[in-house]
Every structure is written in structure tokens, then in C-alpha cells.
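Scroll down for the structure; my scribbles are underneath it.
The values are calculated or read from the model by the stated rules, or taken from the named source; none is laboratory data. Small disclaimer: the values here were computed from a predicted structure and weren't measured. No Cβ is skipped: glycine too gets one built from the backbone with ideal geometry, and neighbour counts run over all protein chains shown.
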């Protein structure tokens, strides 16, 4: 069995996954997505893998590379359809709504004037988010009309595709915390509470993680969310509403987990590799000229020093 780990930067998580592959003696290669050139008419060579694990920081680069591996017949964790859905908050919200998964209310507008009307319709405070983004960046809690007008003017002036769609989410007054549940297929494997005095509780923004026992209601909601976006290995962010219960805020397809291993006691990289190997085992045998002579086990591509530079979660 031979697998690929696709990356654009090697962080702590990628190091842990590489170590786990090495510990198990799994033949693997590291592939920097930024160096790839794919021939869509001749995928021979790229089809030498039984599965690929997408760990790209860049949503667009990861999605494109995974689509090309799938074109070559190589299954990916996660699949391109899952990456496409989870990498866009609007697509995620639509998938969750179609599946009847409880979520905060969302309104979408396409110009500043319509967005201002949508925010006032939603009611203050409201949350403005870019449809593509992570680590709690460019989120805004809009407390009144003055703030709304100012933020919308900034977005219109900045321009760019990420500022041309106005994703407006209901503000949930969470009790100084939210929940992240890690899923492998249909199984919730670990959960943390992320606590912060700030309304943004991402650990990348200073939130502190502690382990959480997954109750049946939380497991049910997260299974529904995972199925709604297509499954795979995911991290589901959940908010607690005093009357409506658990609400799914976001679903993450290349989650960070370095701060969640110790508080949960769960070997998260090991569970990710378990899922990857199960996926690789489903690939049909290669035949004819698609068979590639095996290379020595271990890492065949060593990333440069810049790529090995981990960034804070």
C-alpha cells in the first residue's frame, strides 16, 4: 500500500500524521501541491497511490489537486466534493439546511445595500463572515447600524471575491465557549470545549481547549452534519442555544488538532490514518501500464525549510 500526504505547509498536525505513517511502516510520499503539474489527458504516474490525504492550507490549491488525483482514479481523504462543500460556508449552510441539521439562521446578500437590509432583518447583533476562510479571521460581530454601515463600506472598498458575497449569520450568545467534535465517518471520536472571554473562541485566537464527553444528542447532531456534507474526517463546530439546543456553526475538512490530543486523550492522528488506510483498501487493483514499480518505503519528498515552519493554531 502506498499513500500520499498532500500539503502546502507542514504544521504540527502534518508532522504527527507523517510520524504515524512511519510508525506503522506505511509507504508514503509527501507532495507539495504547489509543485504539482497534472496532465489531464495522461494521469499515469499520479495513479501510483492507493489514497491521498489532503492537508493543504490553501482551500483552492487543495481542492484542485484532489480533483486531479481523483481524475487519476485515486481516492482522497477528504473527497473533492466534501472539500468543496466544507470550504465554502454558504455551501455548508445550504447542505446542513437541506438535511434538517439545526444551525444558526443565515441570510445571504450580494451588494452592500441589500446586505444592510439583511442585517437589520436579522437583528442586532449579527455576524458577518467571509464564505471562504478559517482560524476565525475576518469575522465581525455587528452590534448596530453604524457598525454595519462601516463594515459594509470597508468590504465594498476592499473589493475581491471574498468581499462580494455577504454571509450574515445569526449571533448566538454562547456561554463563553463552543464545542468542536472530531468525526471519522459516522463516529464521533473526540470533542473539546473551546473557552474564551472573547466571542470568537477559536484556539487560533486564544481559546483554551478542554476535553468533553459526547452526549447522545450531540452525537446525533454531529452525525447528521457529517452525513449532510458527505462524511470523511471532519471537525464540527457546535454552538449551544438555551432553547434550541445544539446548533452546527461550521464543518471543517482539514482541521487542526494539535491542542485537542492531550485534553481528550484521543490519538487523533492515529484515527485519521486508520480512516485513510480503510479508504485505500477500497481502491481496485491497478492493471496494465498503470502499474508503477514501487519506490523505497518512507518519505520520498522532503519539504524545504520554509514548508517545515509550523504556524500557531
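Tell me which residues, restricted to region 48-75, are part of a loop (DSSP other than H, G, I, E, B) and under 19 Å from the mean Cα position of the chain (by Cα).
Step one: list which residues in region 48-75 are part of a loop (DSSP other than H, G, I, E, B), which gives 49-50, 56-58, 72-75.
Listed by number, the residues that qualify are 56, 57, 58, 75.
Name the residue that is surrounded by the fewest Cβ atoms within 10 Å (Cβ to Cβ), counting only residues in region 35-44 that are within 14 Å of residue 65 (Cβ to Cβ) and in contact (Cβ under 8 Å) with a residue 12 or more places away in the chain.
Per the criteria, the residue is 40.
Could you say which residue among 16, 21, 6 is touching a residue at least 12 places away in the same chain (Cβ under 8 Å) and surrounded by fewer than 20 Cβ atoms within 10 Å (Cβ to Cβ)?
Criteria check complete, one pass: 16.
All but one of (1) surrounded by fewer than 18 Cβ atoms within 10 Å (Cβ to Cβ); (2) at pLDDT below 95; (3) under 28 Å from residue 263 (Cα atoms) hold for residue 158; state the number of the condition that does not hold.
Unmet for residue 158, out of (1) surrounded by fewer than 18 Cβ atoms within 10 Å (Cβ to Cβ); (2) at pLDDT below 95; (3) under 28 Å from residue 263 (Cα atoms): (3).
Taking strands (runs of 3 or more DSSP E) that do not extend beyond region 90-146, which have at least 3 residues that are crowded, with 18+ Cβ neighbours inside 10 Å?
126-129
Is there a residue being modelled with pLDDT under 95, touching a strand residue (DSSP E or B) at 6+ places or on another chain (Cβ under 6 Å) and surrounded by fewer than 22 Cβ atoms within 10 Å (Cβ to Cβ) anywhere in region 181-195?
Checked against the condition, which is being modelled with pLDDT under 95, touching a strand residue (DSSP E or B) at 6+ places or on another chain (Cβ under 6 Å) and surrounded by fewer than 22 Cβ atoms within 10 Å (Cβ to Cβ), region 181-195 yields at least one hit.
Can you tell me which of 268, 261 is modelled with pLDDT of 95 or more, in contact with a helix residue (DSSP H, G or I) (Cβ under 7 Å, 6 or more places away or on another chain), surrounded by 14 or more Cβ atoms within 10 Å (Cβ to Cβ) and over 24 Å from residue 92 (Cα atoms)? Give the steps one after another, and end with the answer.
Working: 268 fails: over 24 Å from residue 92 (Cα atoms).
261 is the lone residue from the list that is modelled with pLDDT of 95 or more, in contact with a helix residue (DSSP H, G or I) (Cβ under 7 Å, 6 or more places away or on another chain), surrounded by 14 or more Cβ atoms within 10 Å (Cβ to Cβ) and over 24 Å from residue 92 (Cα atoms).
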